[in-house]
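A short write-up of the structure that comes next.
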Amino acid sequence: MKKFFTTIKNIFSIEDLRIRILNTIGFLMIFRLGSFIVLPGVDPDALGSGATGGIFDLLNTFLGGSFSRASIFALGIMPYISASIVIQLLTVAVPYFQKLQKEGESGRKRLTQITRFLTIAITAAQGGSYLAVTIPAEAIMYSPAFFQVASMVILVAGTMFCMWLGERITDKGIGNGISMLIMIGIISRFPGSIVSEMMTRGMSGALMFVLEIVALFFVVMATVMLTQAARRIPIQYAKQVIGNKLYGGKRDYIPLKVNASGVMPIIFAQALMFIPSMIAGLWQDSDIGAYIGSTFADPYSWQYNLVFGLLILVFTFFYTAITVNPNDIADNLKRNGGFIPGIKPGKQTSEFIDQILTKITLPGSIFLAIVAILPAFAVQAGVSGNFAQFFGGTSLIIMVGVILDTLQQIESYLLMRHYEGMMKSGKVKGRSQIAAA
């Protein structure tokens, strides 16, 4: 306990780190405050008759309750995530976007600008579906036509403001701002869900509740292992004589993480799983809309989880491919006089790293998909839906991934200032280590 308080003291004694932590807390408080501001013209007491259950409860969890409250942040950051998916897919398939990606800072700025415009379009499309599905007519207190137009503008502005908050957290705070906004929405629902589950079980179900907590603990540990697991590839640096001194000759390793893509495949897959509900809302009177709505409305159905798991597999390979480039790693090794023992520098090194990356990504993606669909099994075992969302699944993976990434950044600040790290042994590893390799 003494070490814990000493570490906290060290954290706040570093001015830059202290300012970043306070900035992050301030931005998150603004985000949470906005989630309680209801759209103008909506009667909050009449919202209970809107769409609830299934995918809507899951959406409500990610958005920290703002979805069910008809908040100005009702769509949150999800449209921006969807736009980012589209742009990243285009950078793989369309030459124009590939060219922009290779143009350095100017190309990235152009891609960011396109992503923002696409976010506005997606928010407008999702906003129309949201207003049609979740807000009943009796909750609207003035002209429906004017309400639709005004609410669409407010929802678009709310999403763009959330995107701005995420960027500010990334630049001025600690961690990935977009992921942190999703995480804080999830965490805000966790205490209420665990109390609700405990009250539902009562004294007669106390043993079952304890077993659920124990099972949740082991799932968390398994998720941490998945996030931290890495395959170390040994490398050797050639000896060089410069003047009268001998340089190089040291041994090192390249840490290739089993889950190099982190939480992004889950976020991307979850963003795409919101599309069926949007389609069902836009064409709710047609046979297609009714079929899609009935098939994918329940996030614990086998159809939903099958598609969700397959999307996670695809996005894990896709995001790993665009974040970890074997050719760049091989070129960096060659320029620095490094090589993998038994492997020729250059193309063979790149192919060797690519083979290793493929082999470790496959089991990593399967394990990631299994953990993501665990809530469906928890519901089948008798766990309530609200608590089951944290029993593995997207919520847990996002929380673990973002928390570990944030701890890694804090750890790096402490070690830079020659303070003792946050852990007695080992280091909290983040995705930045792979990029550095």
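What a 1.4 Å probe finds exposed on segment 342-402 is 65% carbon and sulfur by accessible area, rounded to a whole percent. Amide H contacts of Arg231: Leu256, Lys257, Val258, each under 5 Å away and 5 or more positions distant or on a separate chain (H built 1.01 Å from N in the peptide plane; Pro and chain starts excluded). Using 0.36 nm per residue and subtracting the Cα-Cα separation, the extra length available between Phe5 and Ile30 on full extension is 6.2 nm.
Given 4 °C and 1.567 mPa s, compute D for segment 126-250 with the Stokes-Einstein relation, Rh being the Kirkwood radius over Cα pairs; round to the nearest whole µm²/s. After rounding, the answer is 61 µm²/s.
For segment 308-378, the alpha-carbon radius of gyration amounts to 1.42 times the rule-of-thumb value 2.2 N^0.38 Å expected for a compact globular protein.
Using R₀ = 45 Å, calculate the FRET efficiency as 1/(1 + (r/R₀)^6) where r is the Cβ-Cβ separation of Asn325 and Phe217; round to 0.05.
Values: r = 37 Å, r/R0 = 0.82.
So, using R0 = 45 Å, E works out to roughly 0.75.
Each peptide in 69-79, 193-203 receives the mean, over its residues, of other Cβ atoms within 10 Å, and ordering these scores from highest gives 69-79, 193-203. In sequence order, segment 187-203 has phi-based couplings of 4, 4, 9, 5, x, x, 5, 6, 5, 4, 5, 5, 5, 5, 5, x, 5 Hz under the Karplus curve 6.51 cos²θ - 1.76 cosθ + 1.60, θ = phi - 60°, and Gly or Pro positions carry x. Computed from the C-beta positions of Phe146 and Ile275 and an R0 of 30 Å, the FRET efficiency is 0.60 to the nearest 0.05. A Förster radius of 30 Å, combined with the Cβ-Cβ distance separating Ala93 from Tyr253, puts the computed FRET efficiency at roughly 0.30. Evaluated over the Cα positions of segment 162-209, the convex hull gives a direction-averaged projected area, one quarter of its surface, of 4.2 nm². With a ≥ b ≥ c the root eigenvalues of the C-alpha gyration tensor of segment 6-146, is it rounded (a/c under 1.5), prolate (a/b larger than b/c) or oblate? Taking the square roots of the gyration eigenvalues as a ≥ b ≥ c, segment 6-146 is oblate.
The values are calculated or read from the model by the stated rules, or taken from the named source; none is laboratory data. Small disclaimer: the values here were computed from a predicted structure and weren't measured. Methodologically, a virtual Cβ is constructed for each residue, glycine included, from the backbone with ideal geometry; neighbour enumeration extends over all protein chains shown. Note: accessible area is taken over every heavy atom of the protein model, side chains too, but ligands, DNA and RNA are not part of it. Shrake-Rupley method; radii C 1.70, N 1.55, O 1.52, S 1.80 Å.
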